[in-house]
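Working notes for the structure below.
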Amino acid sequence: EDKREASRGVGGLREADMFLTQIASSMPVDVMPGPTDPCNVSMPQQPLHRCLLPSTTCYSNVGRVTNPHGFEVDGVSFLGTSGQNIDDVMKYVAHEDRLGAMAATLEWCHSAPTAPDTLPCFPFVDQDPFVLKDCPHVYFAGNQPSLETGIAEGKEGQRVRLISLPSFAEKQTCVLVNLRDLSCHPIVFGSNLDQ
């Protein structure tokens, strides 16, 4: 049973490597680890090892990044997580408003408020890597139950686009963000032939 499960995992990595290689051949790609990926569990998760995606990581425009990950595109700042921080917050609230939980982490200026109590994280002595010094323009969390988007207001009145993304393995959906107005445009990779 363990050999079959390991074989499925290796096959899944091969498929992901082929898929990401096709995308990386035409645009930059950042690969962030998630809760079930073969890497450390403690936050911040370290980048996936290059041997797991050998074809993809041959491209110079592929970034193997940490979780959480902050970056900028044409002056628009992004902060993204694979969703563990929001999933953990949701254990302690009496609602299912994931965008609300994301907005709360921005208000608290802390992307992982339950770490290290119930969200595993590395011990840090001098600084907390989850403290948000700057408010991003776009804040996304992956591996959420469904695709949701909204707007939150930062402490200084700035607009923040919130994006709750479902697991790509389950929904084959990604979102394009218009950098001019922060509008979102979902893209579904799949077909309706089975319906």
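So here's what we get for this one:
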quantity: Val65 of a type outside the set (Ser, Thr, Tyr) and under 16 Å from the mean Cα position of the chain (by Cα); calculated: yes
quantity: Residue match in segment 104-115 (condition: more than 18 Å from the chain's Cα centre (by Cα) and open to solvent by 70 Å² or more (accessible area, probe 1.4 Å)); calculated: yes
quantity: Residue match in segment 8-22 (condition: crowded, with 19+ Cβ neighbours inside 10 Å and of a type in the set (A, V, I, L, M)); calculated: no
quantity: Filter result for Leu52 (open to solvent by 20 Å² or more (accessible area, probe 1.4 Å) and in contact with a Ser or Thr (Cβ under 7 Å, 6 or more places away or on another chain)); calculated: no
quantity: Hey, Pro68 closer than 20 Å to Ser167 by Cα and open to solvent by less than 30 Å² (accessible area, probe 1.4 Å) or not; calculated: yes
quantity: Candidates His137, His185, filtered to the one that is open to solvent by 80 Å² or more (accessible area, probe 1.4 Å) and either under 16 Å from the mean Cα position of the chain (by Cα) or at pLDDT 95 or above (or both); calculated: His185
quantity: Number of positions in segment 148-182 that are free of Cβ contacts under 8 Å to residues at least 24 places away in the same chain and exposed (fewer than 11 other Cβ atoms within 10 Å of the Cβ); calculated: 6
quantity: Members of segment 48-94 that are assigned to a strand (DSSP E or B) and without any contact (Cβ under 8 Å) to a residue 60 or more places away in the chain; calculated: Val62, Gly63, Arg64, Asn67, His69, Phe71, Glu72
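The values are calculated or read from the model by the stated rules, or taken from the named source; none is laboratory data. The shown structure was predicted, so the numbers you read here are calculated from the model rather than taken from an experiment. Quick reminder, even Gly has a Cβ in these numbers, built from the backbone with ideal geometry, and neighbours come from all protein chains shown. What goes into the accessible areas is simple: the full protein's heavy atoms, side chains included, and nothing from ligands, DNA or RNA. Shrake-Rupley method; radii C 1.70, N 1.55, O 1.52, S 1.80 Å.
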